[in-house]
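The values are calculated or read from the model by the stated rules, or taken from the named source; none is laboratory data. Note that the structure is a prediction, hence the values are computed from the model and not measured. Positions of Cβ are generated from backbone atoms using ideal geometry, with glycine treated the same way; all protein chains shown enter the neighbour counts. Accessible surface areas use protein heavy atoms only, side chains included; no ligands, DNA or RNA. Shrake-Rupley method; radii C 1.70, N 1.55, O 1.52, S 1.80 Å.
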Protein chains: 2
Amino acid sequence: MTRSTEATPSSQAGEPVVNPRKGKIVLAHGGGGQLTDELIAEVIRPRLDNPILSELDDSAVLPAEAGRLAFTTDSYVVQPLEFPGGDIGRLAVCGTVNDLAVCGADPRHISLGLILEEGLEIDLLKRVLDSAAAAAKEAGVQIVTGDTKVVGRGQADGMYINTAGLGMIRKNVKLGLDRIQPGDAVIVSGQIADHGLAVMLQREEQTGIASTLKSDVAPLNRMIGALFDRVAESVVFMRDATRGGLAGVLSDLAERSGHHLTVDEAMIPIRQETRYAAEMLGLDPLDVANEGKVVVVVRPEAAEPALEALRKDRWGTEAATIGYFECERDGLCELITEVGGRRIIQKPYGEELPRIC
Amino acid sequence: MTRSTEATPSSQAGEPVVNPRKGKIVLAHGGGGQLTDELIAEVIRPRLDNPILSELDDSAVLPAEAGRLAFTTDSYVVQPLEFPGGDIGRLAVCGTVNDLAVCGADPRHISLGLILEEGLEIDLLKRVLDSAAAAAKEAGVQIVTGDTKVVGRGQADGMYINTAGLGMIRKNVKLGLDRIQPGDAVIVSGQIADHGLAVMLQREEQTGIASTLKSDVAPLNRMIGALFDRVAESVVFMRDATRGGLAGVLSDLAERSGHHLTVDEAMIPIRQETRYAAEMLGLDPLDVANEGKVVVVVRPEAAEPALEALRKDRWGTEAATIGYFECERDGLCELITEVGGRRIIQKPYGEELPRIC
């Protein structure tokens, strides 16, 4: 229990000895000591500031609000950290906001857990945090609590982010796969597969494939809120089509509801450019992750007003009805292809696109 | 948009082609497809099962409860993943439970975000999940939502875990550094420095240093609840002494309250064995992380009943009053050493013990 004050690196003249490379994350940034405080005070807090976060206690204390809460979490390991249309910060906020929104909740509060790799450029961290803050503002949520850890070189790939989110469940919303009936319509809120392909093409940049594809990463809670405002009672189920893509959601809807689902390939919104990119990479766009698309099951009579509500939002202009549930109870999702063939849509087996979100 | 069903690896005879090494995590476990479902259904869900988690939706829906919420998050990157007295699973649950408890909240719900490295032994994952579940049971909290990502070899060090937690703030509790007054007593709930040193010695195992030191990682919410039940109005502030150790908390208490804090080294509980281990590794035990120790500031007249309440709990038997706030307003924490000297306790500068939690 003896330690001379003089041995503390910060008290020596000049550069702190544990931070020889200015502008980069060092292990000491994660030690819970003075350098951690500096990182939080100078880099993190100014970017995410709000009255609740500013308390800087171990937990955020949230205002009391009546009603049921939705609670969710996701970790983000996308590579590269920045890609056309977004970055890991925007992704981490939007992904958790969307997970809450598709459960019928209005997202309110987000936590942000950072795992940083030694050597990470602090300027990159700043850009990611600015982007997370902008996405939170866009979604109308507050980042109220956080945590920062640092691991050594080769122990994380730049940075990973975990977000958890809290939202208040809307009172007039009741979603469940058990509510699905024959005749219910399946809507997708816009053009598919842009996120996964934009990230993949960014990785392949050096191969010389040029593309203007951008990730669709966006907070969908306002669009979904407008949908509920219009036809809440008629919305039966909702899911965002992230990992596993549209195929993952559609096959899951059929399997878990037990109903047969028929989907018309010609009705699925997709950019021509996206289709080319998928062909070039040998991928089925149905399997490719989206980060700004939601699949909605509605009663048949509500399909048109639902589309109207979605299309009024900037993220839902290309919304379309793509299929209907049938009377057969075989739990299969069948795709009618553009050339008139039929095939069963299966959930992708494994990782066709690693580190996509 | 064409994909023949036959091309799906799972439909081929024999072993799935993307999982050549049974018993280890492969990238495909993180793809959001069938293998992800299998991992969740066979490995994760049976270990953490409860009615809320079983819904398997994007978000957990929590029962409505009146009052203010506490919300917190932490990522865990400890190395090695298993150490004497605990593992990363127990650590991830206890750390978040304790962050809630020291804010005066009764912990209720926990999220669990896993980042797994390709090649991780699934048996190790099972042990970690069993341990997390046991810690949750011990603390009386439910793991209600989760997420699993997989990254490639060399992109995480086995596994990282993020937990976020929700708790209900106790009504009769009011904690704040601004409530600290001269005369207030500072209590530590037991022997310090065991966690950090147990982890460090485990890493040094091959150097032949033998030790029976164990991490103190434990959920403290029941002990803290008993303390509040006894002397709630007299508890002024509380903090768990994790990263940065007891020195980090004590220097922070003095600096942020603006008061002078005098601590008596002879009163700080520490095992003889822990002291030897720290000397051997050249560390000041005051700087070493704990994962089952809390620092409590109480009104002077409440110190004795507070100690009684703490000592009745299995995790608080060695609780002791270690210091008092003084009238001077210099924001310094002064240690009276065992040989009668005086030195200022400073917050550790950086990372003396990397990857300790």
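Listed values, structure above:
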| read-out | value |
| --- | --- |
| Among the candidates B:VAL77, B:VAL97, B:VAL102, B:VAL128, residue that is within 24 Å of B:ARG203 (Cα to Cα), open to solvent by less than 10 Å² (accessible area, probe 1.4 Å) and within 12 Å of chain A (Cβ to nearest Cβ) | B:VAL77 |
| One residue from A:VAL43, A:VAL26, A:VAL18 being modelled with pLDDT under 90 and among the β-branched types (Val, Ile, Thr) | A:VAL18 |
| Out of A:LEU253, A:LEU213, A:LEU201, A:LEU227, sole residue that is modelled with pLDDT under 95 and in a helix (DSSP H, G or I) | A:LEU201 |
| Residue in region A:287-296 that is farther than 12 Å from A:GLN191 by Cα and in a loop (DSSP other than H, G, I, E, B) present | no |
| Residues satisfying the stated conditions in region B:142-151, i.e. in contact (Cβ under 8 Å) with a residue 40 or more places away in the chain and either open to solvent by 10 Å² or more (accessible area, probe 1.4 Å) or under 17 Å from B:SER59 (Cβ atoms) (or both) | B:GLN142, B:ILE143, B:VAL144, B:THR145, B:GLY146, B:THR148 |
| Contacts under 7 angstrom Cβ, first residue in region A:120-138 being more than 18 Å from A:PRO219 (Cβ to Cβ), partner part of a helix (DSSP H, G or I) and open to solvent by less than 30 Å² (accessible area, probe 1.4 Å), 6 or more apart | A:ILE122/A:VAL43; A:LEU125/A:VAL43; A:LYS126/A:VAL43 |
| Total residues in region A:332-344, condition open to solvent by less than 50 Å² (accessible area, probe 1.4 Å) and assigned to a strand (DSSP E or B) | 5 |
| Residue that is modelled with the highest pLDDT, among those in region B:50-74 that are more than 7 Å from chain A (Cβ to nearest Cβ) and under 21 Å from B:THR148 (Cβ atoms) | B:ASN50 |
| Pairs where the first residue, in region A:57-69, is open to solvent by 60 Å² or more (accessible area, probe 1.4 Å) and the second is of a type in the set (Lys, Arg), C-beta under 8 Å, 6+ apart | A:PRO63/B:ARG68; A:ALA64/B:ARG68; A:GLU65/A:ARG108 |
| Residue count for region A:274-292, restricted to those that are open to solvent by 40 Å² or more (accessible area, probe 1.4 Å) and within 18 Å of A:ALA320 (Cβ to Cβ) | 1 |
| Meets criteria (under 30 Å from B:ARG203 (Cα atoms), assigned to a helix (DSSP H, G or I) and touching a helix residue (DSSP H, G or I) at 6+ places or on another chain (Cβ under 9 Å)) for B:THR274 | yes |
| Boolean, A:ARG222 is basic (Lys, Arg), within 18 Å of the chain's Cα centre (by Cα) and away from chain B (no Cβ under 14 Å) | yes |
| Residue under evaluation B:VAL231, criteria (1) surrounded by 24 or more Cβ atoms within 10 Å (Cβ to Cβ); (2) in contact with a strand residue (DSSP E or B) (Cβ under 8 Å, 6 or more places away or on another chain), criterion not met | (1) |
| Pairs with Cβ under 6 Å, 6+ apart, first in region A:89-109 and of a type in the set (A, V, I, L, M), second open to solvent by less than 10 Å² (accessible area, probe 1.4 Å) and assigned to a helix (DSSP H, G or I) | A:VAL93/A:ALA132; A:VAL93/A:ALA135; A:VAL93/A:ALA136; A:VAL97/A:ALA139; A:ALA101/A:ILE224 |
| Out of B:GLU82, B:GLU121, sole residue that is more than 7 Å from chain A (Cβ to nearest Cβ), among the acidic types (Asp, Glu), open to solvent by 30 Å² or more (accessible area, probe 1.4 Å) and within 15 Å of the chain's Cα centre (by Cα) | B:GLU82 |
| Residue that is surrounded by the fewest Cβ atoms within 10 Å (Cβ to Cβ) [pool: residues in region A:160-193 that are over 16 Å from the mean Cα position of the chain (by Cα) and part of a strand (DSSP E or B)] | A:MET168 |
| Residue check for A:LEU35: buried (at least 16 other Cβ atoms within 10 Å of the Cβ) and closer than 21 Å to A:ALA134 by Cβ | no |
| When residues of region A:273-284 are limited to those that are within 12 Å of chain B (Cβ to nearest Cβ) and in contact with an Asp or Glu (Cβ under 9 Å, 6 or more places away or on another chain), the one nearest to A:THR212 (Cα to Cα) | A:THR274 |
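Residues checked against (1) within 11 Å of chain B (Cβ to nearest Cβ); (2) modelled with pLDDT of 95 or more; (3) surrounded by 18 or more Cβ atoms within 10 Å (Cβ to Cβ); (4) at negative phi:
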| position | (1), (2), (3), (4) |
| --- | --- |
| A:GLY258 | no, yes, no, no |
| A:ASP264 | no, yes, no, yes |
| A:ILE270 | yes, yes, yes, yes |
| A:PRO300 | no, yes, no, yes |
| A:ALA309 | no, yes, yes, yes |
| A:ILE322 | no, yes, yes, yes |
| A:PHE325 | no, yes, yes, yes |
| A:GLN346 | yes, no, yes, yes |
